[in-house]
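Chemist: So that we are looking at the same thing, I have put the structure below in structure tokens.
Every number here is computed from the coordinates shown, using simple stated rules; none is lab data. From a predicted model like this one, the values you see are computed outputs, not experimental measurements. Neighbour counts run over all protein chains shown; Cβ positions are idealised from the backbone, glycine included.
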């Protein structure tokens, strides 16, 4: 059974304050301004998830990487041939996830979403599989029903910039009132040395109905797509690069790079220069059309090249990198950091950067806000470290609330509950230390759980 006091300091005065703060915010609607849930599951009014293994394990790279690290091959983990057998293997190894974010999310999901209380292990695997399978077939467990049950107010998906957004259009045309909005994700179109780039460029041309023959037509196509995304509710664009360099190239230079890319002869140096130039270009676009510019940097993606070549991305082999922000972002912030229509939300996997660079930048520039504890930091300990790191320099009102960043719809309430409990516990510490009142603590908790995300992402 889940402890009602989980994540709270056991000291009685601290715990009492934390519980009071948490009770004030636990039922607030969920805002999910950044995530990876497939919009297709909402386009079909009767969509039901097929089985527990696909839903809870196969789509979760946090789980897959742990199982792989203990000798389970991806050939088996990714196979659809025997989901019940794979579930049995997963349950036999569920002990690996004790006290990890994945384990804590799953415990919540099993008990609070599905009502299954026995612990997962080799003995309960078959029982759990049958129990959850039966639940998934019920009307109350359709994707749309779960969305309503979870009290989700807005859920943002992440969609390639060249996407025609057919699922989003289908959702709107169906008349369903659930608010599912797209997010303009364009970093793949900036990776001009990638072997898939030309194909994606062709898709962008088809979606935007712009014949892309040079850099200027490329920009027109991107701008048309941004407007199209906005027409279907988009409030943000998203970028993820290993580096944060931002500078503007001369027109002739960027055109020459683009032509080399069209000829599949762009170099690594071309790639880095083009990415830095496009960082400035996307900032300019956001200052004009108002889409919040999210940056998810500091990741060495697909670290194991052999596994990537064989099985593709999102296997858990994305490793954090240290990244320089202060000097790299200077041209961008000089140009747009005080622009009234520009909003930049910075996410980082480099924890040391929060106190050294990010909090000072967010505490100075009106356009800059700090993203939530992301990916490897999306944990109770990571959240505590994040709140301690940023508050004294930037203050919580220069952060952007929480994003669950998940591919798994049924894990959304678990992730938001963890954030709300972590925030309540942290604020209770400030309260019992005499730094804030209980009333102030509840006000800040409400901001962290709901108000900041609504404000920053214009929801």
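Chemist: Would you give the gap between the C-alpha center of the stretch 267-318 and the C-alpha center of the stretch 353-420, rounded to a whole Å?
Modeler: The distance from the Cα centre of the stretch 267-318 to that of the stretch 353-420 comes to 20 Å.
Chemist: Something else about it: For the residue pair residue 435 and residue 9, what label-to-label distance in nm results when each label sits 7 Å from Cα along the Cα-to-beta-carbon direction?
Modeler: Distance between label points: 1.0 nm.
Chemist: Let me ask something else. Considering Cα pairs under 8 angstrom that are at least six residues apart, work out the relative contact order of the stretch 146-231 and quote it in whole percent.
Modeler: This gives 30 percent for the stretch 146-231.
Chemist: Write down the percent of antiparallel bridges among all DSSP beta bridges whose residues are both part of the chain, to the nearest 5.
Modeler: Looking only at bridges with both residues in the chain, the antiparallel portion is about 10 percent.
Chemist: Then there's this: Please report the spacing between the Cα centers of the stretch 42-62 and the stretch 96-158 in Å, no decimals.
Modeler: Each part's Cα centre sits 10 Å from the other's.
Chemist: In addition: Please report the relative contact order for the chain, taking Cα pairs under 8 Å with a sequence separation of at least 6, and give it as a percent rounded to a whole number.
Modeler: 21 percent
Chemist: Which value at 222 nm does the chain reach when only helices count, each DSSP H run of 4 or more adding -39,500 (n - 2.57), with the total divided by all residues and rounded to the nearest 500 deg cm²/dmol?
Modeler: -13500 deg cm²/dmol
Chemist: Could you give me the radius of gyration and the Dmax of the stretch 305-431, taking only the C-alpha atoms into account and expressing both in angstrom?
Modeler: Considering the stretch 305-431 through its Cα atoms, Rg and Dmax are 16.2, 52 Å.
Chemist: Using label points projected 7 Å from each Cα along Cα→Cβ, tell me how many nm separate residue 231 and residue 303, to one decimal.
Modeler: 4.3 nm
Chemist: Another one. Computed over the Cα atoms of the stretch 383-459, what is the convex hull's projected area averaged over all directions, in nm²?
Modeler: 5.3 nm²
Chemist: Identify which of the listed values of Cα extents along the principal axes in Å was calculated from the structure shown: (1) 103, 52, 38; (2) 61, 47, 45; (3) 64, 58, 46.
Modeler: The value computed from this structure is option (3).
Chemist: Now for a different question. For the stretch 48-139, what relative contact order do you get, as a whole percent, if you take Cα pairs closer than 8 Å and at least 6 residues apart?
Modeler: Averaging sequence separation for qualifying contacts and normalising by length gives 37 percent for the stretch 48-139.
Chemist: Grab the beta carbon distance between residue 117 and residue 319, set R0 = 45 Å, and tell me the FRET efficiency rounded to 0.05.
Modeler: 0.80
Chemist: Follow-up question, since we're still on this one. According to a simple spin-label model (label point 7 Å from Cα along Cα-to-Cβ), what is the distance in nm between residue 137 and residue 330?
Modeler: Distance between the two pseudo-spin positions: 6.5 nm.
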